[in-house]
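Here the structure comes first, spelled out in structure tokens, and everything after it is commentary.
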Protein chains: 2
Amino acid sequence: MTADALTMDKIVSLARRRGFVFPSSEIYGGLGSAYDYGHYGVLAKNNVKARWLEAMTQERDDIVALDSAIILNPRVWEASGHVAGFTDPLVDCRTCKLRFRADDLASAQCGRKPSKHPGETEECDLTEPRRFNLMFETHLGPMHETADKVYLRPETAQGIFVNFKNVLQLARRTPPFGIAQIGKSFRNEITPGNFLFRTREFEQMEMEYFVPPDEADRWYAYWIEERLGWYTRYGIRPGHLRVREHDADELSHYSKATSDIEYLFPIGWSELEGIANRGDFDLTQHSEHSGTKLEYVGPDGERYTPHVIEPAGGVDRALLAFLVDAYDEEVVAERERVVLRLHPRIAPVKAAVLPLIAKDEQMVSRARSLYEDLRRRHVVEYDDGGAIGRRYRRQDEIGTPFAFTIDEQTLEDDTVTVRDRDSLAQKRISIDSARAWMDDALERPWNTPKAG
Amino acid sequence: MTADALTMDKIVSLARRRGFVFPSSEIYGGLGSAYDYGHYGVLAKNNVKARWLEAMTQERDDIVALDSAIILNPRVWEASGHVAGFTDPLVDCRTCKLRFRADDLASAQCGRKPSKHPGETEECDLTEPRRFNLMFETHLGPMHETADKVYLRPETAQGIFVNFKNVLQLARRTPPFGIAQIGKSFRNEITPGNFLFRTREFEQMEMEYFVPPDEADRWYAYWIEERLGWYTRYGIRPGHLRVREHDADELSHYSKATSDIEYLFPIGWSELEGIANRGDFDLTQHSEHSGTKLEYVGPDGERYTPHVIEPAGGVDRALLAFLVDAYDEEVVAERERVVLRLHPRIAPVKAAVLPLIAKDEQMVSRARSLYEDLRRRHVVEYDDGGAIGRRYRRQDEIGTPFAFTIDEQTLEDDTVTVRDRDSLAQKRISIDSARAWMDDALERPWNTPKAG
């Protein structure tokens, strides 16, 4: 189906219906744009993270992993500029008592006249904009009066910069080299929304790539291509991706250049990942604030502060893009089916094992034994509930790429059918070769038949 | 080496030296008992989590995964009893101005006389105990005056209970069934310490297993054995584990029975994981507070509130136990070596590929090609830096179970040596079979030669 025909509601509904994502704290009325991941959501999200970390570390020689704490020493955020500058300008309406982002009134709704934007009617009485910091504050230690004010990190990047020296020393690295981190961040957004697209609590995948200053432009271009390639490799249609370079007046205080990889979400082209040339801003700031010189010293005594190229993606947002891009509806044999054409290495379940007749003991026994064999290495599901067509449909909706069906013929010649989720083609293979077939299927490059 | 000869300092030192774990925010003087994981720490921790989730979900049919938000609707913590009761009794000393846990004065040190406990000297002037809540508070929304007070979760369990109904409906489950979750929790402890053993920010692995009430005792016993088995399966010596049942006066408000799996840490026998019989406390509380009936209704109309058995472990603490249990020092060929005898599926790096002579182009070419082949499926390291003995030692210290060395003979007969980390035995295998050899080595049951 075409992107503009796909609404976010369909994705939300499928995610809910199949247990990928639930509204958080739902029995208590939720908590504004917070979500809990159900079984398939956890598996798919773990796959997104594993593919990212694999691409960053396992498949390369020049990047190491890190997992820093969420609550860092608060001086980190003074040095980074977040205490002073990580703010949104907000205005209050004295009439309707609502609060809006002053820099985005055009997309807000007046509390009294929902068809209007704040300021468009005479009723609106807006205050002057005031700046509010987006960092969540809390206190370390058992009493507020004496405890230290600390912050939940609004980005994982700073945890990387403050460990630069540790990694440089231990990992025996010479620029260019990178440090990759996956973890939760928190931003007290006034306008979260659009499902997983913008939430106050979210998971980031950030990599800081430290390079000699005169190579920064080259690596900036390199990482834009590299990250585009990662998304298409795992199934996103190239036509649904584009790169948009920030104008000078859009750039963050630390950035010399930033490009967004945008994805054609149902809400329109929106940021999927940002690739920034942060220059030497962060290392210089932390050198000054900490008194620890963060620089590279070469074997011949050459020394410099590396520049930093940062590809910064969101786990939740990437998963949303994978789901959106995979979602399809089609009519097969006069019945409509919903199918998630997920890449096999992103799909939560790799294969289903289905005894054609759930009451046939021999079929069940063969099916269970294949299932036990496959799940030693892969996430597979055994399903004997309901008509075979209904079981296929259920697996289609969660994106399971392969289904092995044990039928009468299995009992005769030790073969099973393998059904392909996308083409619906079925072929018979020897039951003994099923596991090797799966191993191979999950490792070979893969292209799904997708429209446009 | 024996457990009592191993000090925590040795583990801290190795973790630091090899880049497993760094003190957090170190360049800013740290932040009291907070840690950042370096490259090998991330890989090993990810393995611990993957093995747990695998054992809970992939290897079983009756447990599904969940990943709920860290910040939940605050009413969750009213229902769970945490707002009222998740407190420590603290006393202040008016003389030395320090604060202590009133229930643990014996392990605290007087601020003026470090050889004494608070209250032991005439100088001490202790206040009456006051109760302080251990939950971190923060505020949702951009202004404190009007924002909602919310909490960082002190346990992942409650996120499971509030999703009970969603999972019950969607996963087509009948008790007994379980919901497993891994994620960060936060407790504002006054006395964190002992490296990764107790930190304010930590990662939990909790599973809530919902059972018919009359089966609770049986499943409680089952899960104690099951969890013990998980630790020994991944290499912990049975002699370093024991089960300690809580006395009645130790039990938490929600618990009908709790047993700790204790591990012989360098600080002595201490809790590694708790298995609790929570009865129907949580589901009943959330039913009452949310107005949503959380019960099981069977096909014949039978209905009951399931009882809950909870194995609750810590990721960081489990990793610490795996490191401690794996740590060994021995003298080999008159030289001392430090070796981490980690289970291959916990070890951060599965194999090293080493060209014997780093300047020999043919060896390098064969080594790189083996490396590229192996890392398609496993985390492997290529190392050509320094004498071969030094490279082996480095891999021993990070616990790499296998090392493939490419030497003169490789160029003649296409074989490589495989060195076993523990026995130091070396054997030759065909280079073409190395990948299948690795696959097999990582799947077969494994017993390390450990003393005691």
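A Förster distance of 41 Å, applied to the separation of the beta-carbon atoms of A:Arg94 and A:Lys149, puts the FRET efficiency at 0.85. Once you treat every alpha carbon in chain B as an equal point and sum by Debye, what is log10 I(q)/I(0) at q = 0.08 Å⁻¹? Taking Cα atoms of chain B as identical point scatterers yields -0.57. Adding -39500 (n - 2.57) for every DSSP H run of four residues or longer, then dividing by how many residues the protein assembly as shown holds, sets the calculated 222 nm ellipticity at -8000 deg cm²/dmol.
Over all projection directions, the Cα-based convex hull of the protein assembly as shown averages an area of 42.1 nm².
Using only the C-alpha atoms, the convex hull of the stretch B:4-147 corresponds to 249 Å³ per residue. Net charge of the neighbourhood of B:Trp446, taken over other residues with C-beta under 13 Å away and scored Lys/Arg +1, Asp/Glu -1, is +4.
Across the stretch B:235-335, Cα pairs under 8 Å and at least six residues apart give a relative contact order of 25 percent. For the stretch B:317-407, a Kirkwood hydrodynamic radius built from all Cα pairs, placed in the Stokes-Einstein relation at 25 °C and 0.890 mPa s, yields a translational diffusion coefficient of 177 µm²/s. Label points for B:Lys427 are taken 7 Å from Cα along Cα→Cβ. From this copy to the others they lie 3.7 nm apart, shortest first. Percent of Cα pairs in the stretch B:340-388 per distance bin of 5 Å, from zero to the largest separation: 5, 23, 25, 20, 17, 8, 3. The angle between the Cα long axis of helix B:39-53 and the main principal axis of chain B comes to about 60°, on a 0 to 90 degree scale.
Once the Cβ-Cβ distance of A:Lys256 and A:Arg377 is raised to the sixth power relative to R0 = 51 Å, the FRET efficiency obtained is 0.65. Plainly put, the tip 7 Å out from Cα toward Cβ on A:Thr292 is 4.5 nm from that tip on each other copy, the closest given first.
The GluC sites (Glu not before Pro) found in the stretch B:141-233 that occupy coil by DSSP, while having at most 11 further C-beta atoms within 10 Å, are B:Glu145. Using only Cα atoms, tell me the angle between helix A:315-326 and the longest principal axis of chain A; keep it within 0 to 90° and round to the nearest 10. Tilt relative to chain A: about 40 degrees. Excluding same-chain neighbours fewer than eight residues apart, the lysines reachable from B:Lys165 by a Cα-Cα span under 21 Å are B:Lys293. Inter-label distance, A:Ser369 to B:Asn447: 2.9 nm, where each label sits 7 Å from its Cα along the C-beta direction. Measuring between their Cα centroids, the stretch A:393-425 and the stretch A:159-238 lie 39 Å from each other.
Taking the inverse of the mean reciprocal distance over all distinct Cα pairs, the Kirkwood hydrodynamic radius of the stretch A:102-258 comes to 20.0 Å.
Distances between copies of A:Arg244, taken at a point 7 Å out from Cα along the Cα→Cβ vector and listed shortest first: 5.9 nm. Looking at the stretch A:297-395, the trypsin sites (Lys or Arg not before Pro) that sit in a DSSP loop and have at most 10 other Cβ atoms within 10 Å of their own Cβ are A:Lys359. Compactness of the stretch B:153-229, taken as the C-alpha radius of gyration over 2.2 N^0.38 Å, stands at 1.33.
With contacts taken as Cα pairs under 8 Å at a separation of at least 6 residues, chain B carries a relative contact order of 14 percent. Other residues within the sphere of radius under 10 Å centred on the Cβ of B:Ala79, judged by their own Cβ, net out at -2 (K and R +1, D and E -1). Each listed q (0.18 Å⁻¹) maps to a log10 I(q)/I(0) for the stretch B:224-325, found by the Debye formula over equal Cα scatterers with no solvent: -0.87. Distance between the pseudo-spin-label points of B:Gln362 and A:Arg390 (7 Å out from Cα toward the beta carbon): 6.7 nm. When the Cα positions of A:Asn447, A:Ser24, A:Thr305 are compared along the charge dipole of chain A, A:Ser24 comes out farthest toward the positive end, with charges on each C-beta of Lys, Arg, Asp and Glu. The local environment of A:Asp360, defined by Cβ-Cβ distances under 11 Å, has a net charge of -2 under the rule Lys, Arg +1 and Asp, Glu -1. The rotation axis taking chain A to chain B passes closest to the C-beta of one chain A residue; that residue and the distance in whole Å read A:Thr138, 2.
For chain A, the longest principal axis of the alpha carbon atoms and the long axis of helix A:388-398 meet at an angle near 10°.
Read the figures in this text as sums done on the coordinates, not as results from a lab. Not measured: the values here are computed from a predicted model. Cβ sites come from the backbone with ideal geometry, for glycine too, and all protein chains shown count toward neighbours.
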